[in-house]
Structure formats: C-alpha cells, structure tokens
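Engineer: To start, I am sharing the structure in question, which I have written as structure tokens.
The values are calculated or read from the model by the stated rules, or taken from the named source; none is laboratory data. Please read all numbers here as calculations on a predicted model, not as lab measurements. With ideal geometry, Cβ positions are generated from the backbone for all residues, glycine too; neighbour counts draw on all protein chains shown.
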C-alpha cells in the first residue's frame with residue numbers, strides 16, 4: 001500500500017503497520033479495531049432491512065440513523081411499494097439537521113421497485129419514505145452501505 005504525501009501509516013511498537021484504512025475526509029490513516037476490522041476484512045458492504053411494514057395514507061417512515069465509517073463510500077436504497085410514494089437518502093454532519101441532496105430522492109410508482117444511490121459525504125445517514133395518499137398493502141425498504 002502506498003502512502004499519500006499527506007498521510008502516514010500507523011505502526012506498532014516494532015515499526016510494523018497495523019490494520020488501518022485511509023479516510024479521505026480527514027486525510028489520515030485510521031486504525032481498525034473490533035467490529036470495524038471484521039467488517040473491513042469481510043465483504044465491504046453492510047445490508048439492512050429498514051422496513052417491511054405497509055404504511056398508512058400520507059405516513060412517513062424514517063429509518064435508523066447509521067454512522068458512516070471510513071471505508072464507506074456509497075449508500076444504496078431500494079424500495080417497493082404497492083402504492084406511490086417518494087424514497088430519499090438523507091445525510092447529516094451532526095445527527096440533528098438532515099439534508100437530501102438534489103438527485104437523492106426518487107418517486108416510486110404503485111407496484112414499482114426503485115433503487116437510489118448516493119456518495120457518502122457526511123458522518124450519518126438514513127433512509128426515508130413518504131407514502132402518498134393511498135394506504136399501502138405491501139412495502140419493502142432495504143439499504144446497504146459500503147464501498148472500497
């Protein structure tokens with residue numbers, strides 16, 4: 001692994017590099033440990049079933065807040081709904097103010113499956129689905145985060 005001019009590898013007491021990943025947001029190498037090390041060594045994508053519960057007319061589903069790790073570069077969300085709605089990927093730098101960038105939302109027609117992706121640019125992310133005027137009979141929202 002080459003060392004960018006702006007970063008240095010972290011080494012142990014014997015001068016050997018420890019498991020780590022380059023974080024382009026902070027421009028430093030970050031040590032991996034615990035669950036991060038396991039996730040990084042395994043496939044770099046983590047999948048979530050956000051919801052399979054049908055929504056009432058006009059209801060809004062807000063997914064769990066998730067932390068973007070140093071090795072995450074992409075978020076992908078996929079929704080199926082029996083009735084029309086809107087799928088969004090939201091990101092936040094502080095976990096309080098959530099933003100949806102242009103292109104990070106998509107209309108989902110009745111009986112349609114739509115997929116949406118976004119680059120990871122903030123510390124936290126979540127998915128959101130806004131149901132239309134008709135109660136759903138079926139709904140599935142899944143997401144994944146990862147990259148390399």
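Engineer: Conditions first: (1) farther than 23 Å from residue 57 by Cα; (2) assigned to a strand (DSSP E or B). Residue 130 passes all but one, so which condition is the exception?
Structural biologist: Every listed condition holds for residue 130 apart from (1).
Engineer: Let me ask something else about it. Exactly one condition in (1) surrounded by fewer than 18 Cβ atoms within 10 Å (Cβ to Cβ); (2) under 18 Å from residue 142 (Cβ atoms); (3) at pLDDT below 95 is false for residue 37; which is it?
Structural biologist: (2)
Engineer: Residue 114: at pLDDT below 95 and in contact with a strand residue (DSSP E or B) (Cβ under 9 Å, 6 or more places away or on another chain), yes or no? Show your work before the answer.
Structural biologist: Details: at pLDDT below 95: no; in contact with a strand residue (DSSP E or B) (Cβ under 9 Å, 6 or more places away or on another chain): yes.
Spelling it out, it is not the case that residue 114 is at pLDDT below 95 and in contact with a strand residue (DSSP E or B) (Cβ under 9 Å, 6 or more places away or on another chain).
Here's the yes/no breakdown for (1) more than 18 Å from residue 142 (Cα to Cα); (2) outside the structural domain of residue 130 (by TED's automatic domain parsing); (3) modelled with pLDDT under 95; (4) surrounded by fewer than 12 Cβ atoms within 10 Å (Cβ to Cβ):
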{"position": "17", "(1), (2), (3), (4)": "yes, yes, yes, no"}
{"position": "23", "(1), (2), (3), (4)": "yes, yes, yes, no"}
{"position": "56", "(1), (2), (3), (4)": "yes, no, no, yes"}
{"position": "59", "(1), (2), (3), (4)": "no, no, no, no"}
{"position": "81", "(1), (2), (3), (4)": "no, no, no, no"}
{"position": "109", "(1), (2), (3), (4)": "no, no, no, no"}
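Engineer: For a quick check of your reading: which strands (runs of 3 or more DSSP E) sit entirely within the range 39-126 and have at least 3 residues that are in contact (Cβ under 8 Å) with a residue 40 or more places away in the chain and either in contact with a helix residue (DSSP H, G or I) (Cβ under 8 Å, 6 or more places away or on another chain) or more than 23 Å from residue 22 (Cα to Cα) (or both)? Let's see the steps before the verdict.
Structural biologist: Values: elements: 46-51, 60-62, 74-81, 85-92, 105-108, 112-119.
In the range 39-126, 46-51, 60-62, 74-81, 85-92 are the strands (runs of 3 or more DSSP E) which contain 3 or more residues that are in contact (Cβ under 8 Å) with a residue 40 or more places away in the chain and either in contact with a helix residue (DSSP H, G or I) (Cβ under 8 Å, 6 or more places away or on another chain) or more than 23 Å from residue 22 (Cα to Cα) (or both).
Engineer: With 69, 74, 126 as the choices, which residue is surrounded by 20 or more Cβ atoms within 10 Å (Cβ to Cβ), under 22 Å from residue 45 (Cβ atoms) and at pLDDT below 95?
Structural biologist: 69
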